[in-house]
Amino acid sequence: MILKDILLQLSVRSVRLHFLRSVLAALGIVIGVVAIAAMGMMGANMTLSVTGELSQMANNLVVTAYTGGGGFMGFGGGGGPPGSGSGGSQSREEQMITQDQFRNIRDIAGSYGTVYYVYSQSDSIETSDQWGRATIYGLDPDIFAEVLELEEGDYPKSTTTVVIGPRIAERFGLEPGSKLVIGDSDEGSTATVRVVGILKEKGMSMDLNTDSAIVGSEKLYTGIYGGEGEYRQVNIVLDDVDNVDTVKEEILAELNDRDDEVTVQDSSSMLESITSVLGTITTFVMGIAGVSLVVAAVSIFNVMMMSVTERVREIGILRSIGTQRNDVRRMFLYEAGILGIVGGVIGAVASLLIGYIVVLGMVGTTEFFFTWQSLWYIPFAMAIGIGICIISGVYPAWQASSLDPIEALRAE
Amino acid sequence: MQAKSRPVITLDRVTKVYPLQSGDVTALNKISLSINEGEFVAIMGPSGSGKSTLLNQIGCLDVPTSGTLTLAGREVGAMNDRELTDLRLTTIGYIFQKFNLIPLLTAYENVEYPYLMKHRKNDDTGHVRHLLDQLGIDEALSAHKPPQLSGGQQQRVAIARALVNDPAILLCDEPTGNLDSQTGIQIMEVLAQLNRRGRTIIMVTHERDIAAYAERTITIRDGRVA
Ligand SMILES: Nc1ncnc2c1ncn2[C@@H]1O[C@H](COP(=O)(O)OP(=O)(O)O)[C@@H](O)[C@H]1O
Ligand SMILES: [Mg+2]
């Protein structure tokens with residue numbers, strides 16, 4: 001409508017007349033929009049990159065003993081295996097997969113892919129000059145080559161040799177040939193082992209988190225902790241990802257026939273819990289970023305009040321020659337909207353740049369930056385910025401529209 | 001000249017009281033008067049006597065505290081803000097001492113503004129241009145913003161603006177008060193000519209020779225017709 005044009009014209013000219021002031025007020029919106037968009041994009045890119053990593057494991061199934069609850073897997077990138085988070089005092093009384101159960105699972109799933117059992121434990125380790133904790137895995141030596149990828153060195157061929165994850169190697173300064181002690185002599189048996197290989201960096205995973213773990217043979221493991229034939233978990237690597245549901249259902253049907261004995265997890269259940277955690281974190285961080293918009297709202301409010309005060313006489317003229325209250329109100333809302341759009345657009349452009357840098361720094365990859373799940377946060381933040389501006393303009397606009405025409409005309 | 005029989009403005013015991021902390025100020029005290037269509041009336045009186053207050057009531061910028069004010073057959077006292085604003089837009093043209101043009105708009109836009117508000121579309125009939133031409137504001141001057149125009153030019157633009165919606169009544173509050181006497185006379189000639197063409201004009205002034213342009217003078221003293 002053309003009418004909007006003349007009121008819009010007035011708003012545009014008023015903003016232009018106070019250019020510097022308007023720019024400064026819009027700057028607050030720019031910062032708020034950039035903060036929200038960058039945080040949102042960071043969260044989205046984290047989620048997408050985790051999803052990408054996990055989708056490479058879509059053919060993995062993990063069977064653990066049924067513990068009553070939903071059996072959700074904790075997520076700690078490169079941390080301990082399921083159930084090991086509680087520290088060192090866990091062991092025998094915890095629910096384990098038995099040898100019989102393992103054979104059952106292997107009978108069912110063996111024809112679909114590789115099935116192997118995993119012993120694991122979190123324990124203290126010691127090198128000549130350092131002390132720390134790590135996850136200790138015990139595996140069937142025949143399976144090493146199939147499930148572990150070496151960066152350098154060899155697979156362990158005896159009960160006194162191990163391979164270690166790249167992060168633990170870095171942290172303790174270990175390399176093939178280094179020695180270390182597993183276990184705490186005050187608490188139980190210990191073993192001195194020699195590192196023969198360093199594993200490839202693997203990132204987060206659901207079957208084996210080897211990046212900060214020590215992997216040895218089954219004999220090495222049971223030599224220290226006992227518990228032969230009691231497995232923490234059974235991993236299944238399927239040849240065909242399409243068989244995930246079939247295998248899962250067959251195992252559950254067979255083993256959970258009478259009692260719930262086992263829990264079978266696939267990557268989708270893990271993905272779900274990670275996505276939900278990341279979602280919560282993203283929302284929280286965006287909320288903090290949103291505080292900057294509150295500050296911006298105050299400065300927009302301030303500028304709008306100034307504008308109303310300066311234009312009291314003009315409002316009186318407009319009203320006296322027949323401008324309705326709601327038209328006056330709209331004129332000031334346009335003004336707030338213009339500040340919002342200017343701030344929002346500049347903010348959007350800046351978000352693209354700053355968001356890219358933040359994602360690169362915090363997520364480590366910009367592989368997913370130009371996807372709509374990530375870029376979506378730019379229009380989202382922009383809309384919030386513009387919305388905040390208009391809301392900040394509501395009271396000043398209302399005040400302008402309720403001025404008495406005669407009083408307003410008297411203003412100098 | 002047409003027959004001036006039909007009253008276009010009727011005031012019946014119109015009172016305006018401003019409630020102040022220091023005591024109520026009675027700016028208008030039971031004023032009754034009637035103005036016919038096509039009349040040119042001057043309102044005179046000392047400063048503070050209530051002239052502007054009276055004009056503001058007639059101009060629907062304000063409503064009386066008591067009494068009835070009828071404008072073109074419609075009783076104003078019961079109207080809400082929306083209706084009063086609409087009357088100001090369509091039925092009344094206001095000319096102020098201080099011109100009261102909108103500084104952010106060009107002369108042309110100032111004149112077109114009430115047209116836009118009324119018709120909700122731009123003037124494509126040449127009406128605005130024609131009015132400005134009649135008042136001696138050419139195309140080049142029309143493109144200027146008010147502060148770039150002289151006082152006389154500004155008042156001519158203001159008159160064009162007041163006329164753009166073809167109002168029944170033209171109200172002028174000291175229209176020459178901010179002009180030198182030569183320019184003031186020119187403006188009065190314009191108003192007199194408008195009246196000769198049938199426009200009802202009510203003008204507040206405290207200058208006798210300005211009031212002489214009107215055919216009737218109402219004198220106000222302490223809020224009463226003297
Ligand atoms: N808004 C107002 N509030 C209080 N008093 C007012 C107001 N407007 C006018 N008055 C008072 O009413 C009286 C008449 O004022 P006004 O109509 O402006 O006089 P004039 O135009 O004749 O000089 C004066 O005493 C003035 O102080
Ligand atoms: Mg006055």
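The values are calculated or read from the model by the stated rules, or taken from the named source; none is laboratory data. What you see is a predicted model, and the numbers here were worked out from it, not measured in a lab. Neighbour counts are summed over all protein chains in view; Cβ atoms, including those assigned to glycine, are modelled from backbone coordinates with ideal geometry.
Away from chain A (no Cβ under 14 Å), within 16 Å of ligand 1 (Cβ to nearest atom) and out of contact with any Asp or Glu (no Cβ under 6 Å at 6 or more places or on another chain): which single residue out of B:G126, B:G177 fits that description? Explain how you work it out, then say what you get.
Working: B:G126 fails: within 16 Å of ligand 1 (Cβ to nearest atom).
Within the list B:G126, B:G177, the selection yields B:G177.
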Name the single residue, out of those in segment A:232-249 being part of a helix (DSSP H, G or I) and under 26 Å from the mean Cα position of the chain (by Cα), that is surrounded by the fewest Cβ atoms within 10 Å (Cβ to Cβ).
A:V241
Checking B:R196 against (1) more than 16 Å from ligand 2 (Cβ to nearest atom); (2) of a type outside the set (D, E); (3) crowded, with 16+ Cβ neighbours inside 10 Å, which test does it fail?
(3)
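Condition check ((1) of a type in the set (V, I, T); (2) in contact (Cβ under 8 Å) with a residue 60 or more places away in the chain; (3) in contact with an Asp or Glu (Cβ under 7 Å, 6 or more places away or on another chain)) across all residues:
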position: A:L148; (1), (2), (3): no, yes, no
position: A:T159; (1), (2), (3): yes, yes, no
position: A:V163; (1), (2), (3): yes, no, no
position: A:R167; (1), (2), (3): no, yes, yes
position: A:G173; (1), (2), (3): no, no, no
position: A:L180; (1), (2), (3): no, no, yes
position: A:G183; (1), (2), (3): no, yes, yes
position: A:T192; (1), (2), (3): yes, no, no
The one condition B:I92 fails out of (1) in contact with a Pro (Cβ under 9 Å, 6 or more places away or on another chain); (2) within 9 Å of another protein chain (Cβ to nearest Cβ); (3) at pLDDT below 95 is (3)
Being within 16 Å of ligand 1 (Cβ to nearest atom) and within 27 Å of A:A25 (Cα to Cα) is the requirement here; does A:L403 meet it?
yes
So which of B:I187, B:I202, B:I210 ends up being more than 16 Å from ligand 2 (Cβ to nearest atom) and buried (at least 22 other Cβ atoms within 10 Å of the Cβ)?
B:I187
Let me confirm something: among B:G198, B:G152, B:G136, which residue is under 30 Å from A:L17 (Cα atoms) and outside any helix (DSSP H, G or I)?
B:G136
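Only residues that are more than 12 Å from ligand 1 (Cβ to nearest atom) and either within 14 Å of another protein chain (Cβ to nearest Cβ) or at pLDDT 95 or above (or both): list them for segment B:200-210, please.
Our first condition is that a residue be more than 12 Å from ligand 1 (Cβ to nearest atom); within segment B:200-210, this holds for B:200-203, B:207-210.
Once the filter is applied, which keeps residues that are more than 12 Å from ligand 1 (Cβ to nearest atom) and either within 14 Å of another protein chain (Cβ to nearest Cβ) or at pLDDT 95 or above (or both), segment B:200-210 yields B:T200, B:I201, B:I202, B:M203.
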In segment B:6-57, which residue that is under 18 Å from the mean Cα position of the chain (by Cα) and acidic (D, E) is farthest from ligand 2 (Cβ to nearest atom)?
B:E37
Kindly indicate which of B:P103, B:P64 is away from ligand 2 (no atom under 16 Å from the Cβ) and farther than 29 Å from B:E189 by Cα.
B:P64
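Among the candidates A:G364, A:G355, A:G385, single out the residue that is surrounded by fewer than 22 Cβ atoms within 10 Å (Cβ to Cβ) and in contact (Cβ under 8 Å) with a residue 40 or more places away in the chain. I'd like the intermediate steps shown before the answer.
On the way: A:G355 fails: surrounded by fewer than 22 Cβ atoms within 10 Å (Cβ to Cβ); A:G385 fails: surrounded by fewer than 22 Cβ atoms within 10 Å (Cβ to Cβ).
None of the other options fit; the residue is A:G364.
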List every residue pair whose Cβ atoms sit under 7 Å apart, with the two residues 6 or more apart in sequence or on different chains, where the first one lies in segment B:84-97 and is among the aliphatic types (A, V, I, L, M) and the second, anywhere, is more than 16 Å from ligand 1 (Cβ to nearest atom) and part of a helix (DSSP H, G or I).
B:L89/B:P114; B:L89/B:M117; B:L89/B:K118; B:I95/B:A158; B:I95/B:I159; B:I95/B:A162
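If I filter segment B:103-118 down to residues being in a helix (DSSP H, G or I) and more than 9 Å from chain A (Cβ to nearest Cβ), which single residue comes out as farthest from B:P147 (Cα to Cα)?
Within segment B:103-118, the subset in a helix (DSSP H, G or I) is B:107-118.
In the following step, the residues that additionally are more than 9 Å from chain A (Cβ to nearest Cβ) were identified as B:107-108, B:110-111, B:115.
Working: B:A107: 10, B:Y108: 14, B:N110: 12, B:V111: 15, B:Y115: 22 Å.
Among them, the one singled out is B:Y115.
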If a residue has to be more than 16 Å from A:Y137 (Cα to Cα) and of a type in the set (A, V, I, L, M, F, W, C) to count, how many in segment A:159-201 make the cut?
2
Using the structure shown, decide if B:G136 is free of Cβ contacts under 8 Å to residues at least 24 places away in the same chain, in contact with a helix residue (DSSP H, G or I) (Cβ under 8 Å, 6 or more places away or on another chain) and more than 16 Å from ligand 2 (Cβ to nearest atom).
yes
Return yes or no: is B:A168 away from chain A (no Cβ under 14 Å), touching a residue at least 60 places away in the same chain (Cβ under 8 Å) and of a type in the set (A, V, I, L, M, F, W, C)?
no
Just checking, does segment B:72-80 include any residue being within 16 Å of ligand 1 (Cβ to nearest atom) and either assigned to a helix (DSSP H, G or I) or in contact (Cβ under 8 Å) with a residue 24 or more places away in the chain (or both)?
no
Residues of segment A:208-258 satisfying the condition of being without any contact (Cβ under 8 Å) to a residue 60 or more places away in the chain and touching a helix residue (DSSP H, G or I) at 6+ places or on another chain (Cβ under 8 Å)
A:E228
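Just need a number here: residues in segment A:17-45 that are more than 9 Å from every other protein chain (Cβ to nearest Cβ) and surrounded by fewer than 22 Cβ atoms within 10 Å (Cβ to Cβ). Explain how you work it out, then say what you get.
Just the residues of segment A:17-45 that are more than 9 Å from every other protein chain (Cβ to nearest Cβ), to begin with: A:18-45.
Cutting the leftovers down to surrounded by fewer than 22 Cβ atoms within 10 Å (Cβ to Cβ) gives us A:18-24, A:27, A:31.
Here the count works out to 9.
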Could you list, in sequence order, the residues of segment A:120-142 that are surrounded by fewer than 18 Cβ atoms within 10 Å (Cβ to Cβ) and free of Cβ contacts under 8 Å to residues at least 60 places away in the same chain?
A:T127, A:S128, A:D129, A:Q130, A:W131, A:G132, A:R133, A:D142
Going by the structure shown, is A:G87 within 24 Å of A:D259 (Cα to Cα), at pLDDT below 50 and not assigned by TED's automatic domain parsing to the domain that holds A:F284?
no
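From the set of residues in segment B:10-60 that are charged (D, E, K, R) and away from chain A (no Cβ under 13 Å), which is nearest to ligand 1 (Cβ to nearest atom)?
Let us first name the residues in segment B:10-60 that are charged (D, E, K, R), namely B:12-13, B:16, B:24, B:30, B:37, B:39, B:51.
Narrowing further to those that are away from chain A (no Cβ under 13 Å): B:12-13, B:24, B:30, B:37, B:39, B:51.
On the way: B:D12: 19, B:R13: 18, B:D24: 9, B:K30: 15, B:E37: 25, B:E39: 20, B:K51: 3 Å.
Across segment B:10-60, the extreme among qualifying residues is B:K51.
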Among the candidates B:S34, B:S47, which residue alone is more than 22 Å from B:G198 (Cα to Cα) and small (G, A, S)?
B:S47
